[in-house]
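What follows draws every value from the coordinates through simple rules; no lab data is involved. Here the structure is a predicted model, which is why all the values come from computation and not from measurement. Neighbour counts are summed over all protein chains in view; Cβ atoms, including those assigned to glycine, are modelled from backbone coordinates with ideal geometry.
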Amino acid sequence: MVGLHYFIAGLTAVCFLLTFVSCYRAASKKNLAAAEEILLHNMQASKGRYFNYGRLELFLKEYGVAYMLYESINPVMYIIIKIITGILLAVLVMFQMPEAVLCGAAFLFGFFFLDILVRLNNDSDNKAMMSDIANTYDILKIQMRAGVFITDAIFFCYQNCSNRRLKDGFLGLYLDIKSNQDVPGALRNFNSRFKNSHISTLCAVLEQSLVTGQSADILDNLTKKNVDIQKLLNAQYRRKIQGIYHKLGMFIIIGMLAVILYMAGINLTDAISNF
């Protein structure tokens, strides 16, 4: 019976998705476009923070969603996906536990689950960027000490960056400066593509150096910041090693307990059979 419920729930979910896709592509596309237009208008006029169009647009850009989907998603599509995810989860729960409260909780969890997933993915990206950010500080320090213009220094950072998201960001920054000749604006645009405190600091230091013209100060700031990043990298490495040791210790203890229980079970079985 439980298997049948899962089958019906899965079939319903598939039918719902197929219906949504067909509605999006078929003759009712005009009605869907009108609904999206209404949702877009309400989001742009929203005074609340969560459903505000500008906030969601910045959120998608900062947390890398727009980058992952090649700039093909907008806040309206993001909200629609969240609503569909919530409905699908609520439908799945409804077949197992048809209580309204549980279905409502499932919808809310499904609705906000994508936000959680996006934030976790951004945290993972930030950790993966740490070594490249540290190298970037070293590269900029050397290039600026040699009198290289900031555009060429940024291109050199792009060439020596291994993280794909950060590498594409540096390329966009380089092309933005080349085409618009507006370094502060390009730095602000580059910073808006990431939710990373180290990148924000880097952009702030670079922009401040353009205003003051004090290259010595920027070199000192870059050096100090690079030391902080190296300390953070070392701390993360130590935590990773400690975590491995803790897991190994747990596995050893679990293994020892399993052997002890196994031996005790054998002895108990022999005692019972002899009795």
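Things worth noting here:
- Here the 3J(HN,Hα) profile of region 246-255, calculated from phi with Karplus coefficients 6.51, -1.76 and 1.60 at θ = phi - 60°, is 5, 5, 4, x, 5, 5, 5, 5, 4, x Hz, Gly and Pro shown as x.
- For region 152-207: rounded, prolate or oblate by the Cα gyration tensor [a/c cutoff 1.5]: oblate
- HN-Hα J in Hz across region 88-94 - Karplus 6.51, -1.76, 1.60, θ = phi - 60°, x for Gly and Pro: 4, 5, 5, 5, 4, 5, 4
- Ordering 192, 209 by the number of other Cβ atoms within 10 Å of each residue's own Cβ, fewest first, gives 192, 209.
- Remark: region 124-133, residue by residue, has Karplus-estimated 3J(HN,Hα) of 5, 4, 4, 5, 5, 7, 4, 5, 5, 5 Hz, where x stands for each Gly or Pro and the curve is 6.51 cos²θ - 1.76 cosθ + 1.60 at θ = phi - 60°.
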